[in-house]
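Undergrad: Have a look at the structure that comes next, please.
The values are calculated or read from the model by the stated rules, or taken from the named source; none is laboratory data. Just so it is clear, the model here is predicted, and its values are computed rather than measured. Cβ atoms come from the backbone with ideal geometry, glycine included; neighbour counts cover every protein chain shown. Side chains included, ligands, DNA and RNA excluded: accessible areas come from the protein's heavy atoms. Shrake-Rupley method; radii C 1.70, N 1.55, O 1.52, S 1.80 Å.
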Amino acid sequence: MTVPTLAMERTALAWRRTSLGAAGCALLFAHQVTRDGWPTNTLPLAAALVAFLLTFLGWSRGRALHHGQVTTGGRVVVTATLAVTVIALIAVSGVLVDRLFD
């Protein structure tokens, strides 16, 4: 294990900011689920689940870096990228579905 550096600290804080942002998005999507009825509630629910996954992923990666566990994190970065892409696609699809039912 290496000595923690300022770069590791900044990276850990960035992962924590990512997890907080994802948690906020998940709460907004969950609020959308409670506001709308079927069938438009399935897309925000799916986005909320993916955002909660991203929240856990960011929190665990930030915690690992904060405790000095240095790894490349390639899989974590790819998973986070895919999660953000899925959330964006679901959000765009939700807007299109919402326009169809209005």
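Undergrad: Could you please state how large a percent of the accessible area of the chain is carbon and sulfur, counting protein chains only and using a 1.4 Å probe?
TA: 71 percent
Undergrad: So, one more: For the chain, what is one quarter of the convex hull surface built on the Cα atoms, given in nm²?
TA: That works out to 6.4 nm², a quarter of the Cα hull's surface.
Undergrad: Now for a different question. Taking the solvent-accessible surface of protein heavy atoms with a 1.4 Å probe, what is the per residue accessible area of the chain in Å²?
TA: 67 Å²
Undergrad: OK, next. Run the dipole for the chain about the Cα centre, Lys and Arg Cβ at +1, Asp and Glu Cβ at -1, nothing else charged, and hand back the magnitude in debye, nearest 20.
TA: So the magnitude is around 360 debye.
Undergrad: Taking only Cα atoms, what is the 0 to 90° angle, nearest 10, from helix 42-66's long axis to the longest principal axis of the chain?
TA: 10 degrees
Undergrad: Between helix 6-35 and the chain, what is the angle of the helix's C-alpha long axis to the longest principal axis, kept within 0 to 90° and rounded to the nearest 10?
TA: Roughly 20 degrees between the two axes.
Undergrad: Say a paramagnetic label sat at a point 7 Å from the Cα of L20, along Cα to Cβ; which residues of segment 48-79 have their backbone N under 20 Å from it?
TA: From segment 48-79, the list is 51-68.
Undergrad: Still on this structure, please answer the following. Normalised by the residues of segment 45-94, what does the relative contact order come to in percent, with Cα pairs under 8 Å and at least six apart?
TA: 62 percent.
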